[in-house]
Amino acid sequence: MAGNAELQNDIEEVKPKKSKALFLVIGIVLLVLILGGVTIALLFSGGEEDKEDHEEVSEVKLPAIYHVLKPAFILNFTDGADRRYVQLEVTVMVRDPATVAALELHTPVLRDSLIQLISTKDIEEVKSSEGRNLIKEESLKVINQFIVDELKLAPIEQVLFTSFVIQ
């Protein structure tokens, strides 16, 4: 019986050690799983926020700068036997101050290009709103071809006719 009592004490000592070790292993496994889940969640959610932040930053535009090409353009057209005159004030919208400086420096080249373009139009095209919109689009292309291709600067965004008089 004495051997039985010793065996009983040994069993009681082994059981608590075994259950403590089991709780410890389960706790470590749960801790690793929770930390892994949190890490994965942070990686996926943080990446999307970073992308959105970068997209918002890249979408921020500089304020618009309006530059008037002075003096006003005065062009003559023939309408059958009659002579017609068009006075046109052109303003361009840009966002880069360097482009504005280039527009001022190269105004003679730009004015010549626009005069050449508009002079090829018929008076009926110039009278109609669709024709004027087409002239604006073509003017934008001509100016940007010079500004972007030749000077390697930011393009202008819009050509505006701030005054358009036909006599």
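The values are calculated or read from the model by the stated rules, or taken from the named source; none is laboratory data. Predicted model, so just to flag it, every value in this text is computed and none were measured. Methodologically, a virtual Cβ is constructed for each residue, glycine included, from the backbone with ideal geometry; neighbour enumeration extends over all protein chains shown. Quick note on the areas: whole protein, heavy atoms, side chains included, nothing else; ligands and nucleic acids left out. Shrake-Rupley method; radii C 1.70, N 1.55, O 1.52, S 1.80 Å.
Restricting region 60-73 to residues that are out of contact with any Leu (no Cβ under 8 Å at 6 or more places or on another chain), in a strand (DSSP E or B) and without any contact (Cβ under 8 Å) to a residue 40 or more places away in the chain, the residue that is least open to solvent (accessible area, probe 1.4 Å) is Ile65. For region 20-79, taking the residues that are farther than 30 Å from Met93 by Cβ and of a type in the set (Asp, Glu), the one that is modelled with the highest pLDDT is identified as Asp79.
Report, by residue number, each residue of region 128-167 that is of a type in the set (Ser, Thr, Tyr), in contact (Cβ under 8 Å) with a residue 12 or more places away in the chain and open to solvent by 40 Å² or more (accessible area, probe 1.4 Å). Passing the criteria: only Thr162. Remark: Ile11 falls outside the filter, which requires a residue to be modelled with pLDDT of 80 or more and in a helix (DSSP H, G or I). Identification of helices (runs of 4 or more DSSP H) wholly contained in region 75-127 with 1 or more residues that are within 29 Å of the chain's Cα centre (by Cα), of a type outside the set (Val, Ile, Thr) and buried (at least 16 other Cβ atoms within 10 Å of the Cβ) yields 97-105, 107-119.
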